Amino acid sequence: MSRRVLSEKSNISQRYLAQLEAGKGNISVSLLERVAQALGVPMHALIVPNLAVDREAQEIAALYETAPSNTRHEVKKLLNAPRDARPSA
């Protein structure tokens with residue numbers, strides 16, 4: 001995504017985005033959230049360095065975060081089960 005498009009989607013000036021990219025600016029949590037929303041990624045993806053998570057994993061994480069606690073519990077059980085005990089796809 002170009003800086004211009006990101007600027008339009010996040011409502012943050014291109015100049016300020018350039019300063020942030022260069023490591024010369026300080027960003028607030030609210031602005032960081034706007035950038036994350038504009039990019040379609042969770043905010044932690046912008047904070048944690050070298051955390052390469054593909055789009056599908058991000059979508060799964062977003063679904064997990066909004067799921068009821070009993071669903072999250074079942075997902076954890078499924079993912080923690082030994083591979084040979086998991087249901088086949």
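The values are calculated or read from the model by the stated rules, or taken from the named source; none is laboratory data. What you are looking at is a predicted structure, and each value in this text was computed from that prediction instead of being measured. Virtual Cβ from ideal backbone geometry, glycine too; neighbours counted across all protein chains shown.
Considering only the range 44-60, state which residues are farther than 24 Å from I27 by Cα and either modelled with pLDDT of 80 or more or outside any loop (DSSP other than H, G, I, E, B) (or both).
R55, E56, A57, E59, I60
Restricting to the range 2-38, what's the tally of residues that are touching a helix residue (DSSP H, G or I) at 6+ places or on another chain (Cβ under 7 Å) and among the hydrophobic types (A, V, I, L, M, F, W, C)?
9
Considering only residues of the range 1-18 that are farther than 15 Å from V29 by Cα and among the small types (G, A, S), which is surrounded by the fewest Cβ atoms within 10 Å (Cβ to Cβ)?
Among residues in the range 1-18 that are farther than 15 Å from V29 by Cα and among the small types (G, A, S), the one surrounded by the fewest Cβ atoms within 10 Å (Cβ to Cβ) is S2.
When the range 19-43 is examined, which residues are found to be over 13 Å from L6 (Cα atoms) and exposed (fewer than 13 other Cβ atoms within 10 Å of the Cβ)?
Result: A22, G23, K24, N26, S28, V29, S30.
Just for the range 1-37: of the residues that are of a type in the set (G, A, S) and assigned to a helix (DSSP H, G or I), which one is farthest from I47 (Cα to Cα)?
S7
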